[in-house]
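Below is one structure, written out as structure tokens; comments come after it.
Derivation of every value follows stated rules applied to the coordinates shown; laboratory data play no part. Keep in mind the model is a prediction, meaning the values are calculated, not measured. Methodologically, a virtual Cβ is constructed for each residue, glycine included, from the backbone with ideal geometry; neighbour enumeration extends over all protein chains shown.
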There are 2 protein chains.
Amino acid sequence: MYRTHTCGELRIGNKGENVTLAGWVQTIRKFGAITFIDLRDRYGITQLLFGEELNKQLEENPPGREFVLQATGVVDERSNKNPNIPTGDIEINITEYKILNKSAVPPFTIEDKTDGGDDIRMKYRYLDLRRNTVKKNIELRYAVNRAARNYLHQQGFMDIETPFLIKSTPEGARDFVVPSRMNPGQFYALPQSPQTFKQLLMVSGYDRYYQVVKCFRDEDLRADRQPEFTQIDCEMAFVEQNDILEMFEGMVKHIFKEVKGIDYTDKVERMTWEDAMWNFGNDKPDIRFGMQLLNLKKPSSVFTDKDDNASLVNGADFKVFDEAETVLAIAVPGCSEYSRKQTDELTEWVKRPQIGMKGLVFIKVNADGTYKSSVDKFYNEERLKAIAEAAGAKPGDLVLILAGAEERTRKAISELRLEMAERLGMRNPDEFKMLWVLDFPLFEYAEEENRWVARHHPFTSPRPADIETMVNNSPVIENAAEYLKHPYANIKANAYDMVLNGNEVGGGSIRIHQKELQEKMFAALGMDREEQQHKFGFLLGAFEYGAPPHGGIAYGFDRLCAIIGGSEVIRDFIAFPKNNAGRDVMLDAPSSIDEKQLEELQIKLSLKNDL
Amino acid sequence: MYRTHTCGELRIGNKGENVTLAGWVQTIRKFGAITFIDLRDRYGITQLLFGEELNKQLEENPPGREFVLQATGVVDERSNKNPNIPTGDIEINITEYKILNKSAVPPFTIEDKTDGGDDIRMKYRYLDLRRNTVKKNIELRYAVNRAARNYLHQQGFMDIETPFLIKSTPEGARDFVVPSRMNPGQFYALPQSPQTFKQLLMVSGYDRYYQVVKCFRDEDLRADRQPEFTQIDCEMAFVEQNDILEMFEGMVKHIFKEVKGIDYTDKVERMTWEDAMWNFGNDKPDIRFGMQLLNLKKPSSVFTDKDDNASLVNGADFKVFDEAETVLAIAVPGCSEYSRKQTDELTEWVKRPQIGMKGLVFIKVNADGTYKSSVDKFYNEERLKAIAEAAGAKPGDLVLILAGAEERTRKAISELRLEMAERLGMRNPDEFKMLWVLDFPLFEYAEEENRWVARHHPFTSPRPADIETMVNNSPVIENAAEYLKHPYANIKANAYDMVLNGNEVGGGSIRIHQKELQEKMFAALGMDREEQQHKFGFLLGAFEYGAPPHGGIAYGFDRLCAIIGGSEVIRDFIAFPKNNAGRDVMLDAPSSIDEKQLEELQIKLSLKNDL
């Protein structure tokens, strides 16, 4: 060992001890004949004092910023204590030191607030990882990992590794593929998730499985997506939906307790997908705050079980509302005194292409009980009051109303709700609120192909009550224009998402475990028998030999860590992330490979640019 | 939940309780009006008793082998107790049951001793995994995983995930590569190990890192090699060799304790590579038993520090020994009474092509103190006695002697030693003996290219005493015939292997952390500056910014589990293994992929068979 102690552990109780530390030079300060060096390692910072007798050596062999130093001396009490760090009461009176390695001047400062931009920090990720803020994220990630494992172990789950070199069965996202040299012309695929393997493990009787596992998706990367990402992947046999929800809200509560010291005692709310869309415009609502939607108007084809409040806006000859499919409102607390400039700015905000609305209607519910709106011409004070009250506005609030096509308007009001909450400080990253969203539609309609696609994946079971509907009806859509009237459009999945602070952190379902139903599902997705056998023959085979009822969930580990860490930037919680083009700029990967490698794999490049 | 209890937990204390179990039908036995079913799950087997009143239902809806059953009834004491299983005192008096899923007749019996061959069990791996023997292996694997993690956590190690989509830097084994759709013409590689990443983490200050991580090597598969395998991968900063050895023998001891209940209190032996080769003919000796080699004769070019016993065999005009480069002997305990048939069979054994010797000389050390050998013509009793005594033979032992070319003979006697130990039951799979083998040669000579290659990998440091030799000498080999006299031939690595019962289970080294030495190493391996920068520029870059002294180790997790499980067949300890052709026969992977996928990746097949 190059050290007797770390740079984070010495206290006043160690006074008089002879110790050796090793670490990196954080700062060097010279006061006359005396030199102070702050030495840093993973555990903290300790102040080293170099007296006059070391001056000659310091001059001949001067340490610089980020040099690796080994230094021996006696622990002493500081005259000038630093209450901000745990070692702040002591310093080491150095008797000898050795430079273990030199350092060039780093391209950015190794400080919490660094002068390095994103690109340079990614290129020199090994230096960025030295910064305390980044280190804290990596440590938090490990703490979450460990807390999850411990909880799952206590609950009888087993970590069982599933293979990485599997078979390509593209369904939804694209697979990354790996040419096989031993089997020329054939390819492995990297798993998008261990989905079918964990189901096989249930068939094998390993009734509680988990894995913290890398998954791969070759998608066009959006901001903050990674081609490789980590899942906490779990599956249970002999369970129903409620068993899984309770088990896994327990896991997240355990993580809160272990990692953040938070006792999450609230009951975890459960909400149907339909209610989430109706009340929040979003299938992953942030319920740390209210501001629920007032559905003033909706088209008849959707939310057929819900009643809108059309009477509140109809008959006023206000063309914008009259011609809109959908009219939605929120009551923003305490903003009734917004200036013209502020409401104009909000209007511009909703008109941005990302939001795509044509305008914004507002009603100010003044503190004195009067009303002022941008549509006073059409609605008298009584009607404004009725709308505002229906939206739940109190004196001092500002009602914001959007109108337009159903899908776009609902999305826009959801974005506006989040934006206003953000501006009003209602999205506190230190407050955590879990939510289960249930009863998603099992299918989505794919217009181009006039067929159904699986919203979650093809292994998700319908809700028990909907199984009959699926079995007894043909998936064929005779009338594309009226696909919403097809029985399949109303089948709900026995699926669930865990939403944390407005982010989907986990999702899963009770699976199909009956061979016939699975075949029906594959057929509904347009797979003929041959394709079913080619892609999933092993799973259909397994279902012939006593498959138990089972279900599971997968947590997006990178995102879960980010949210718990109070951030939404998952890249900051990954030791060696890729950029938005899927590149590792530190390694410079991907890169070209040797002609010899291609030859051995019996493949050739066929670049379109070359044509 | 489909059950109130598992099939492994009910005891006589539960008598009278109403319970529901769910599991698989192991056996059905009918006695008159009564039917017994043994129900199996992951946790055990429980006997269900179906009385007369259920006969009608059993006839209409008969369960079969491997059906999934849910059954409710009252726990009762058995009249006929089964002391062999924990639930053997009770049975469940069933009042109602439900078949949750049917099963076809499995293609082999789900029993410890199955009638299924290797191929069929691999195809139906999900059924094979149901067998108790396989389940025990998977459970043991999880127990080893967890014990290793817990130990490393207690020692301050952090699990930090490293990327899977990295850069191809083939050096030694071949990389699996992954074409990048987003960067046409470029490829990622799958990691052969996280070697450079863990070194970067040391540079970043995360001074104790670990990971249980998949690695990939595209090798021509030998028996019991897998293209993807798992490592317990570890690295530490500010350490010297001894720190690592102590830390990791501690880990394996902890695993023995947690997983097998074994207190491993013996001091872990340390042996130089040279001593291992000299005394055992092998760099991973099984030291559960003695039978060390007697070096009767060796060529002068190797083991230059060791003295052979040539005087014991020279001057007898026995051409076989006189003309041989090397003569080696072992004393096999208690085999002096081997018959002619037995010694002939042994002679045939060493003449097999895998061993490749021309013959076998033996000396019987009879219980009465007389000697009898196959070379009585050349050696009198006195000389036979001298040889036998030097080999450590006692009365009743059999001395076996091989002669031939150095490398082949040493390998052959090592194989013979293991074979004899196996036959004599000296390789007890329940006895565990760890050993560190140290001071491997840093370089190996590559004849074809007349240059050095890294025996371990290019990041391994020379022993401290040999660094000067490496720095001060050119790697160029002027005289190929005399490469053994080149200073580099004698440089030893600061490396170590952990050997467990004659198997290498772990290996590592103190790494190079100085940029100049790393460049010298790359140059010694024939890499020019440009290639160094292209492949390892990021690492050389990192070494400019304060790299600490560091070292690490990686355990072959699959093998470690197998050895601890008393087996050497790693495939039995992997949930979904591949066969010797690298195929997953259950999935039928690898397989062809869609033309569309190839097009998107901008690659083409270029099969040699097509030419």
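Using only the alpha carbons of segment A:222-269, determine the length spanned along each of the three principal axes and report them from longest to shortest in whole angstroms.
34, 32, 19
Normalised by the residues of chain B, what does the relative contact order come to in percent, with Cα pairs under 8 Å and at least six apart?
12
Regarding segment A:289-423, what's the average projected area of the Cα-atom convex hull, expressed in nm²?
Orientation-averaged projected area of the Cα hull: 7.7 nm².
Rounded to the nearest 20 Debye, what is the dipole magnitude of chain B about its Cα centre when Lys and Arg each give +1 and Asp and Glu each give -1 at the C-beta?
The dipole of chain B has a size of about 1200 debye.
Placing +1 on the Cβ of each Lys and Arg and -1 on the Cβ of each Asp and Glu in segment A:81-183, which of A:147, A:101, A:182 has its Cα farthest towards the positive end of the resulting dipole?
A:182
Can you find, among A:473, A:491, A:462, the residue sitting farthest towards the positive end of the charge dipole of segment A:447-517, where Lys and Arg contribute +1 and Asp and Glu -1 at Cβ?
The listed residue farthest towards the positive side: A:462.
May I ask for the distance between the Cα centers of segment B:542-611 and segment B:358-390, given as a whole number of Å?
Using only Cα atoms, the two centres lie 51 Å from each other.
Restrict the search to segment A:330-404; then list the trypsin sites (Lys or Arg not before Pro) that DSSP places in a loop and that have at most 15 other Cβ atoms within 10 Å of their Cβ.
A:358, A:377
How well do other chains shield peptide B:538-544, expressed as the mean number of their Cβ atoms within 10 Å of each residue Cβ?
What the average comes to for B:538-544 is 5.
Residues with beta-carbon under 10 Å from that of residue A:333, excluding residue A:333: net charge, scoring Lys, Arg +1 and Asp, Glu -1?
The answer is 0.
List the distances, in nm to one decimal, from the label point of residue B:11 to the label points of the same position in every other copy, shortest first, placing each label point 7 Å from Cα along the Cα-to-Cβ direction.
Those label-point separations list as 4.3 nm.
Given segment B:219-330, report the % of alpha carbon pairs whose separation exceeds 22 Å.
In whole percent, the long-distance tail amounts to 60.
Looking at segment B:12-101, what % of the alpha carbon pairs are farther apart than 20 Å?
That fraction is 25 percent.
How far apart, in nanometres, would the label points at residue A:337 and residue B:109 be if each is projected 7 angstrom from Cα along the Cα-to-Cβ direction?
About 8.7 nm separates the two model spin labels.
What is the distance in Å between the Cα centroid of segment A:259-304 and that of segment B:309-330?
88
Please identify every one of the GluC sites (Glu not before Pro) in segment B:183-247 that sits in a loop by DSSP and has no more than 10 other beta carbons within 10 Å of its own beta carbon.
none
Within 10 Å of each Cβ in peptide A:434-446, how many partner chain Cβ atoms are there on average? Round it to a whole number, please.
The mean count of partner-chain Cβ atoms within 10 Å per residue comes to 0.
Give, as a single signed number, the net charge of other residues whose beta carbon lies under 15 Å from the beta carbon of residue B:79, with Lys and Arg counted +1 and Asp and Glu -1.
Summing Lys and Arg as +1 and Asp and Glu as -1 gives 0.
Quick check: Cα centre of segment B:135-188 to Cα centre of segment B:401-421, how many Å?
Value for the Cα centre distance between the two parts: 37 Å.
For segment A:235-243, in order, what is each residue's ³J(HN,Hα) by Karplus, 6.51 cos²θ - 1.76 cosθ + 1.60 with θ = phi - 60°, in whole Hz (x at glycine and Pro)?
8, 9, 9, 6, 10, 10, 3, 4, 4
Tabulate in residue order the Karplus-calculated ³J(HN,Hα) for segment A:354-361, using 6.51 cos²θ - 1.76 cosθ + 1.60 with θ = phi - 60°, rounded to whole Hz; enter x for Gly and Pro.
Per-residue couplings from phi come out as 4, 9, x, 8, 8, x, 9, 9 Hz.
Would you mind giving the average projected area, over all directions, of the Cα convex hull of chain B in nm² with one decimal?
38.1
Place a point 7 Å from Cα of residue B:222 in the direction of its Cβ. Which residues in segment B:575-592 have their backbone N less than 20 Å from it?
Output list for this probe position: B:578-583.
Pop the C-beta distance of residue B:262 and residue B:389 into the FRET formula with R0 = 30 Å and round what comes out to the nearest 0.05.
0.25
May I ask you to report, in nm to one decimal and beginning with the shortest, the distances from residue A:307 to the same position in the other copies, taking label points 7 Å along Cα-to-Cβ?
Nearest first, the other copies' label points are 10.8 nm away.
7 Å from Cα along Cα→Cβ at both residue A:407 and residue A:370: what's the point-to-point distance in nm?
Result for the modelled spin labels: 4.4 nm.
Defining the label point at 7 Å along Cα→Cβ, can you sort the distances from residue A:257 to the same site in each other copy, shortest first, in nm?
Taking the point 7 Å beyond Cα along Cα→Cβ, the inter-copy spacings are 2.7 nm.
Report, for chain A, the % of DSSP beta bridges that are antiparallel, rounded to 5.
Beta bridges within chain A, antiparallel portion: roughly 90 percent.
If the protein assembly as shown were replaced by its equivalent ellipsoid, with semi-axes equal to the square roots of 5 times the Cα gyration tensor eigenvalues, what would those be, largest first, whole Å?
60, 43, 29
Could you check the spin-label model distance between residue B:93 and residue A:352? Points 7 Å from the Cα along Cα→Cβ, value in nm.
Going by the 7 Å Cα→Cβ label model, 7.3 nm.
What are the GluC sites (Glu not before Pro) within segment B:439-522 that DSSP puts in a loop, where the Cβ has at most 14 other Cβ atoms within 10 Å?
Here the GluC sites (Glu not before Pro) that fit, given the DSSP loop and packing criteria, are B:447, B:448, B:449, B:478.
What is segment B:289-423's relative contact order, in percent, from Cα pairs under 8 angstrom and six or more apart in sequence?
After rounding, I find 33 percent.
With Cβ to Cβ distances under 12 Å as the rule, what net charge do the other residues near residue A:176 carry (K, R +1; D, E -1)?
Combined, the nearby Lys, Arg, Asp and Glu give -1.
Given +1 on the Cβ of Lys and Arg, -1 on the Cβ of Asp and Glu, and no further charges, what dipole in debye does the protein assembly as shown carry about its Cα centre, rounded to the nearest 20?
780
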